[in-house]
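The values are calculated or read from the model by the stated rules, or taken from the named source; none is laboratory data. Computed from a prediction, not measured in an experiment: that's the story for all the values here. Neighbour counts are summed over all protein chains in view; Cβ atoms, including those assigned to glycine, are modelled from backbone coordinates with ideal geometry.
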Amino acid sequence: MKNREEEQTISNDPATSFWLKEQLEVTQKRDPIDALNDAEMTPFKRTINKAKTVLERGGEWHIDTLIKVINTELGGHHYCHDNSAKQCISKFLVELGVGEKVDNRPVYKLKSE
């Protein structure tokens with residue numbers, strides 16, 4: 001049975017919840033590339049993207065301020081504690097080439113091209 005046929009069978013089943021029927025309908029209308037990109041987005045990638053968004057505002061950002069902005073304006077990070085977030089975000093900003101450290105301080109700016 002093909003996906004469309006399976007979806008139709010599920011939609012026509014009286015035991016299927018209205019919520020699931022609605023989700024199937026919404027999914028059918030969605031751009032497949034957009035859906036694939038969403039599926040590939042991990043909590044880690046979202047956190048790094050949020051950090052990059054802050055750095056793109058320009059200037060230099062102390063890691064404490066960067067975490068505060070992520071938490072208060074951008075919906076937070078995926079780490080259990082802010083201390084873990086500070087350590088990991090600091091490390092990965094540099095390793096992934098998103099940002100660069102300023103003068104051996106816990107201060108970061110967007111990596112210049």
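A few notes on this one:
- Residue among K45, K21, K86 that alone is at pLDDT 95 or above and either within 30 Å of E7 (Cα to Cα) or of a type in the set (K, R) (or both): K86
- Residue match in region 89-106 (condition: more than 30 Å from N3 (Cβ to Cβ) and of a type in the set (F, W, Y)): yes
- Unique match (being free of Cβ contacts under 8 Å to residues at least 40 places away in the same chain, assigned to a helix (DSSP H, G or I) and closer than 30 Å to N3 by Cβ) among V26, V54: V26
- Among the candidates V26, V54, the residue that is at negative phi and touching a Phe, Trp or Tyr at 6+ places or on another chain (Cβ under 9 Å) is uniquely V54.
- Residue count for region 79-105 satisfying the condition of being surrounded by 15 or more Cβ atoms within 10 Å (Cβ to Cβ) and assigned to a loop (DSSP other than H, G, I, E, B): 2.
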